[in-house]
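Data first, discussion second: the structure below is written as structure tokens.
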Amino acid sequence: MPANTALGWSVVALGARGSSNVVVAELPSIQDLLQRWHAGDQQALEQLVARNLPWLRQHVERRLGGFLRERGDAGDYLHDALLDFLRDGPRFQVRDETQFRGLLVRVIENTLRDKNDWFRAKRRNLGRVAPMPADSVLDLHSGIVVSSTPSRQVAREESRAWVRLALELLLPEDRKVILGRDYEDRSFVEIGEELGLSAAAVRMRWTRAVGRLAQTMLKLRAGEVAGSDLDEGDEPAGGEDRGGSQP
């Protein structure tokens with residue numbers, strides 16, 4: 001039964017031998033799969049992973065092959081990393097498949113740079129500390145939050161969700177100082193002892209990281225998700241880890 005799913009459609013031949021009858025069945029769109037997953041459809045989540053994992057692996061191997069090889073079984077690692085983000089990260093909706101894949105590749109590349117998977121272990125806790133309202137979704141096309149329960153409290157939680165999504169796109173060292181300072185309420189001295197830096201150096205790193213976080217949030221809300229080029233300040237593909245991912 002021949003099929004072509006790369007362009008979002010499948011072709012199934014029907015009828016008697018020699019018949020040319022063909023039925024073209026459209027696959028669900030990325031937007032539809034995301035909406036179904038937000039409503040709790042596990043099969044939609046599995047389809048999102050299955051449809052995008054081959055492309056993601058090809059893209060990441062080309063840009064960050066060294067980081068990927070360090071993970072051992074690259075296919076299993078990318079599968080789990082993608083599943084974790086879609087399951088434990090903030091809910092979002094996209095303009096199209098290109099925007100969806102642009103977001104995925106940035107998130108997964110930064111996950112790979114985090115050599116000890118420090119942020120993957122933190123992601124689920126962030127969702128528990130400041131969960132989004134059950135019916136709220138970050139819309140990367142319009143830059144707003146789609147929600148049927150407006151209130152000040154809900155607005156604060158949705159703002160935190162934008163921050164959480166922006167954190168996914170920061171380099172590990174930036175995420176670490178922001179989470180340590182703003183989510184775990186640790187002092188610059190404590191963070192510095194862990195990173196081997198002075199309190200003054202940590203404060204400077206945190207200030208710069210917060211600035212990059214703000215810029216990333218603005219880009220997200222404008223629908224700008226860079227999937228093929230690194231933003232200014234990012235590591236070059238395959239570059240050395242700069243120490244921010246150590247436990």
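Assorted remarks:
- Length added when fully stretched, residue 58-residue 31, from 0.36 nm per residue minus Cα-Cα: 7.4 nm
- Net length gained if the chain between residue 70 and residue 224 were fully extended (0.36 nm per residue, minus Cα distance): 52.4 nm
- Extending 7 Å from Cα along the Cβ direction at residue 187 and again at residue 46 yields two label points whose distance is 5.2 nm.
All of the numbers you see were taken from the coordinates with simple rules; none came from a lab. Please read all numbers here as calculations on a predicted model, not as lab measurements. Positions of Cβ are backbone-derived with ideal geometry, glycine not excepted, and every protein chain shown enters the neighbour counts.
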